[in-house]
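Bear in mind these aren't lab numbers, they're just calculated from the coordinates by the rules spelled out. Just so it is clear, the model here is predicted, and its values are computed rather than measured. Here the Cβ is made from the backbone with ideal geometry for all residues, glycine too, and neighbour counts use every protein chain on show.
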Amino acid sequence: MICIKSVGPTGLVLAAALLLTSCGKASDEAQPVQDETATRAAALASENAPSYGDADAKVHIVEFLDPACETCAVFFPMVKEWMSRVPGEIRLSVRHVAFHSGAEYAVKVLEASRQQGKYWETLEALLAAQGQWTQHHTVLPEKIGPAIASVGLDMDKLMTDMNSMEVLVRVEQDRKDAVLLKISKTPTYFVNGRPLPSFGAQQLANLISEELQKHGAIPQR
């Protein structure tokens, strides 16, 4: 089941291209469209987001993920498997949203684990053991520590870093960007900036394949 929660209205404008005969008019009206595109691009893939894969990969997947989301736990290993089939061609960036009750705690754990260079190990451990630290779609904070014990984190440092300004700023930035982009469910994927036409594993695989073919990473069918 896709995890869904409203994140509130935004002022995001969907711009349509207009054929204009007046160069002056085109120039005047192009600026807001360009500004909106730039704002959306910045919100879509923050420079501070954790990324996995080659920085120069031809295909960039951005995932908005709630660590307590069951569907996120199912999809994450699939995406990693697809990445392994075309080494160096796909990069994955993760943005955090907390739609489940108490998920803010798990998000802060993930962000704090980055301070020790163990983000991806922590994410995989959390997703693999999700049933141990959630109950009825609610996060049980006291169960998270045992679930990630194998990662080898300094837990005292983790607890301190969870409430650091750096972590709190990153958490808030993800929240703001999710609102701006009208993210209302997890997982939500964008592939080279393109959203899924509809949700599903096959739809995601098809979109990734299209982008790989477009950029010459795999042969055209």
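State which entries of LYS118/LYS157; LYS118/LYS176; LYS108/LYS143; LYS108/LYS157; LYS58/LYS214 exceed 18 angstrom in Cα-Cα distance in the structure shown.
With Cα atoms farther than 18 Å apart: LYS118/LYS176.
Considering only GLY200, MET155, SER101, whose Cα is most displaced toward the positive end of the charge dipole of region 43-214, charges sitting on Cβ of Lys, Arg (+1) and Asp, Glu (-1)?
Value: GLY200.
For region 43-214, give the magnitude of the charge dipole about the Cα centre (Cβ charges: +1 Lys/Arg, -1 Asp/Glu; no others), in debye to the nearest 20.
Roughly 360 debye for region 43-214.
May I ask you to sort THR160, THR186, THR122 by Cβ crowding, counting other Cβ atoms within 10 Å and putting the fewest first?
Listing THR160, THR186, THR122 from fewest to most nearby Cβ atoms yields THR160, THR122, THR186.
Work out how much length LEU168 to HIS136 would gain on full extension: take 0.36 nm times their residue separation and subtract the Cα-Cα distance, in nm to one decimal.
Full extension from LEU168 to HIS136 adds 8.9 nm.
Taking neighbour counts of Cβ atoms within 10 Å as a proxy for exposure, in what order, fewest first, do MET83, MET78 appear?
Neighbour counts put them in this order, fewest first: MET78, MET83.
Using every pair of alpha-carbon atoms in region 82-200, split the distances into 10 Å bins beginning at 0 and state the percent of pairs per bin, rounded to integers.
12, 40, 36, 12, 0
Arranged by the count of other C-beta atoms within 10 angstrom, fewest first, what order do ASP174, ASP54 take?
With the sparsest Cβ surroundings first, the list reads ASP54, ASP174.
May I ask for the net charge around ALA217, where only other residues with Cβ less than 9 Å from the Cβ of ALA217 are counted and Lys, Arg are +1 while Asp, Glu are -1?
0
Hey, with R₀ at 22 Å, roughly what FRET efficiency would HIS215 and MET78 work out to, going by the Cβ-Cβ distance, to 0.05?
0.55
Per 0.36 nm of contour for each residue apart, how much would the distance between PHE199 and ASP154 grow if the chain were fully extended, relative to their Cα-Cα spacing?
Roughly 12.4 nm would be gained on extension.
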